[in-house]
Amino acid sequence: MSQIALLKETVHALERAGVRYLLSGSLASSLQGEPRATHDIDLVVEVDARLVEALAEAFHADRYFFDPDAARDALGCSGMFNLLDTTAGDKIDFWMLTDDPFDASRFERRLGVEAFGTRIWVSSPEDTILQKLRWAACGGGSERQVRDAVGVYEVQRGELDEQYLDVWAERLGVVASMAAVRAAAAPGA
């Protein structure tokens, strides 16, 4: 199964179970900015007991590794767990929606888009940029995360809510990084 097929199957399983989610990370930034290869898919999911059963039912074949106990543990502590396609090596990281104000904001602002032949709930471009900068700050300044943020900014320029970006950049402590993204994405930069 390809990475996109894995994503689509997962989305359909979540939708059937009524579990809300949003696509985040590098796949979201590839949809909204500069495409790049990645072997993992990041989904933020609401804490919902139906989640574990839906995934266990959809991915019980030998080609997948899914640990229902790890998933239940993640539900209880707002952690994360994985679903792995053992044949292709692709994986989905499931991040539990937390009560963090930024997580709540980006979940409420998620967008339903047509991608890969299906409707997928994706992080807004502004939230993708901010989350990339947040991950870069937590990861010691990852250049890849910043490049992804610049790519989204370049493609989405003129459509972005700049005030939202400024407010959350301040709250998240990534004002300097946001300024660097704007400078790198400036025409002629």
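The values are calculated or read from the model by the stated rules, or taken from the named source; none is laboratory data. Note that the structure is a prediction, hence the values are computed from the model and not measured. When we count neighbours, we look across all protein chains shown, and the Cβ atoms used for this are built from the backbone with ideal geometry, even at glycine.
Descriptive notes on the structure:
- Pair list, Cβ under 6 Å, 6 or more apart: segment 80-94 residue at negative phi, other residue of a type in the set (Val, Ile, Thr) and in a strand (DSSP E or B): LEU83/ILE92; ILE92/ILE41; PHE94/VAL45
- Filter result (among the charged types (D, E, K, R) and in contact (Cβ under 8 Å) with a residue 40 or more places away in the chain) within segment 99-118: ASP103, ARG106, ARG110
- Single residue of segment 137-189 satisfying the filter (basic (Lys, Arg) and part of a helix (DSSP H, G or I)) that is farthest from ARG36 (Cα to Cα): ARG171
- Filter pass, ASP161 being outside the structural domain of GLY25 (by TED's automatic domain parsing) and either of a type in the set (A, V, I, L, M, F, W, C) or under 28 Å from ARG20 (Cβ atoms) (or both): yes
- Qualifying residue in segment 120-132 (condition: over 19 Å from PRO35 (Cα atoms), touching a residue at least 60 places away in the same chain (Cβ under 8 Å), under 16 Å from the mean Cα position of the chain (by Cα) and not in a helix (DSSP H, G or I)): no
- Filtered by the rule that a residue be touching a residue at least 60 places away in the same chain (Cβ under 8 Å) and over 15 Å from the mean Cα position of the chain (by Cα), segment 7-25 gives a lone residue, HIS12.
- In segment 49-74, residue farthest from ILE4 (Cα to Cα) [restricted to those that are within 18 Å of the chain's Cα centre (by Cα) and either surrounded by fewer than 19 Cβ atoms within 10 Å (Cβ to Cβ) or small (Gly, Ala, Ser) (or both)]: ALA74
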